[in-house]
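Below is one structure, written out as structure tokens, with a few remarks after it.
The values are calculated or read from the model by the stated rules, or taken from the named source; none is laboratory data. These numbers come from a predicted model, not from an experiment. Cβ atoms come from the backbone with ideal geometry, glycine included; neighbour counts cover every protein chain shown. All accessible areas refer to the heavy atoms of the entire protein, side chains included, with ligands and DNA or RNA removed. Shrake-Rupley method; radii C 1.70, N 1.55, O 1.52, S 1.80 Å.
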Amino acid sequence: AWIDTSVMTGEFLPREIEAGSPCSAGTRPQGQSIKVEATSRVENSKLGQLIQAVESHLLKKTPLIALTDKVAQYFTLTILIVGTLFALAFLWHDPSETINRVLALVILACPCALAFATPLCQSLSLSRLAKSGILVKNAEAIENLSRIQSVIFDKTGTLSEGHLQFLHWDKEPTPQLKSIIYALEEYSLHPVGRSLRSKVT
């Protein structure tokens, strides 16, 4: 059988396997049904370990989030000190309005936006990337994007779209031969089969 291993390897061309061969979780059969025996739990599979590694990295604070947390702490302390000084100063001027003025200062200068905006923006970015099929193993990589000067791809599968394009026949087949080719590849999910099918229809 042929299996699509692009989830694990990034290579779009399917790989041929024989009966009894190991098959990783996350791979998909191409062209026909196959019977698979589960030999381990999901968390012990390569895909499960990859997901666990991603989740564990997401729980760690990135340098930018750690910085905003520290700034938010100092900002909160500063606001409380300013609020106290403001209360003491305003107490002599208009005691009835003191609490209202101090509360207005603390609420308006709330560090919530500073403390929540960065982690929220990061989680939304990771979610958008995941929906686009891009798995980020380390959230710190997003923060480093602005400093990237060169990008090196390690294999062709990273750059390909997963579609083979038929270029030309060495010898143009007859209409009868084209119908035979179509009949053979009609239900094929293999990239080569799909490419042939599109050429003979």
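Table: residues versus (1) open to solvent by less than 80 Å² (accessible area, probe 1.4 Å); (2) at pLDDT 80 or above; (3) touching a strand residue (DSSP E or B) at 6+ places or on another chain (Cβ under 9 Å).
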{"site": "Asn144", "(1), (2), (3)": "yes, yes, no"}
{"site": "Phe153", "(1), (2), (3)": "no, no, no"}
{"site": "Leu159", "(1), (2), (3)": "no, no, no"}
{"site": "Leu167", "(1), (2), (3)": "no, yes, no"}
{"site": "Pro173", "(1), (2), (3)": "yes, yes, no"}
{"site": "Ile181", "(1), (2), (3)": "yes, yes, no"}
{"site": "Glu185", "(1), (2), (3)": "yes, yes, no"}
{"site": "Thr201", "(1), (2), (3)": "no, no, no"}
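Look at segment 5-20: where a residue is within 21 Å of Gly48 (Cβ to Cβ) and a partner is in a helix (DSSP H, G or I) and among the β-branched types (Val, Ile, Thr), sitting 6+ places away or on another chain with Cβ atoms under 6 Å, you get Gly10/Thr158. One residue stands out in segment 104-116 among those that are surrounded by 12 or more Cβ atoms within 10 Å (Cβ to Cβ) and at pLDDT 75 or above: the one that is nearest to Leu64 (Cα to Cα), namely Phe116. Among the residues of segment 21-47, those that are surrounded by 15 or more Cβ atoms within 10 Å (Cβ to Cβ) and farther than 15 Å from Val136 by Cα comprise Cys23, Ala25, Gly26, Thr27, Pro29, Gln30, Gly31, Ser45. Screening Glu16 with (1) out of contact with any Phe, Trp or Tyr (no Cβ under 9 Å at 6 or more places or on another chain); (2) of a type outside the set (Gly, Ala, Ser); (3) within 30 Å of Gln165 (Cα to Cα); (4) exposed (fewer than 13 other Cβ atoms within 10 Å of the Cβ) gives one miss only, at (1).
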